[in-house]
Amino acid sequence: MRRFRGLAVLSVACIAALVFFAAHPQPVAERSSGWPEWQNPGTKLVPIVALGTPGVQLGLAQVTGPRERLDDVKVVLQVEADFQRSVRARVFVPSREFVGLNRVQGVAVSALLQYGLFRF
Amino acid sequence: MKSIRRWLIALVIIAMLFGGGAGTMLYVQPAQAFGVGTLLRIGGVLLVVNTFGGQIDHFVNNLLGQRKAELAGATKVVPIFSVGRGAFVGAAQVVGLPENVRHVRAVGAVDVKVGNISGTGLVPIATQRPSGRGGLTAVNGVGVSAIIEIHL
């Protein structure tokens, strides 16, 4: 019964999202103007702090992106949500600061190694 | 006309994803449900991501922007396939060098967990090399900023 309730909630959420996207088409090309044409890709290892449904995890993350941006990255903050082990979502924010969300643009995560501190 | 087509696509996808999945769970034996349900989920998710990738990308950027984490780099939403701790399929937003992001067609992910230690590798894949020759190849300078996936 719980399984079907979760499925119903997920269905309603997906229907709402699809209706929203269908009613508000946004051309992708509009965002392409103004992007800097970065060159020289590089990688860097930084600490990662993950918070979410499974608990708190600490570890190392490999970030990748333009070299001129990688130096600014000090930490990656991860938010994770797991819905009854059937749906999971993760957001990675490479940040300039250990506290707060000061995102470094153009940089993202390519690998993770984490240690689970405790579970909720 | 375009709007009607989008509605039709949305209805077909919903029917495939949840009508088929729920139907197999209710009326089909577990062994059979895995095969049919899995195929329906993979097909539905790929259809959703390929049809509404641009809109999902815009939505994620707006969402992160409201939390002062706005993305200004090249971004794109592509399908993701995860193996290791179960099999998952879903959508991933990739970020990186605009020239390289354009070539990404999917993300392959491997999850490993030993005790309290877990590791994840995220590999953006291009089905076509920048040179124009075919084949699967990893794309440098591109990473993943957001993932949503369902268990198969």
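Quick note: the coordinates plus some simple rules give every number you see, no bench work behind them. Just so it is clear, the model here is predicted, and its values are computed rather than measured. No Cβ is skipped: glycine too gets one built from the backbone with ideal geometry, and neighbour counts run over all protein chains shown.
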For residue B:85, residues with placed amide H under 5 Å, excluding near neighbours: B:111
Please report A:71, A:82 as a ranked list, fewest other C-beta atoms within 10 angstrom at the top and most at the bottom. A:71, A:82
Quick one: which residues, 5 or more positions from residue A:44 or on another chain, have an amide H under 5 Å from its amide H? H modelled 1.01 Å from N in the peptide plane, none for Pro or chain starts. A:63
Going by how many other Cβ atoms sit within 10 Å of their own, how do B:59, A:98, B:52 line up, fewest first? A:98, B:59, B:52
Hull-based mean projected area of region A:37-118, where the convex hull spans the alpha carbons, in square nanometres: 5.7 nm²
Sort A:118, A:92 so the one with the fewest other Cβ atoms within 10 Å of its own Cβ comes first. A:118, A:92
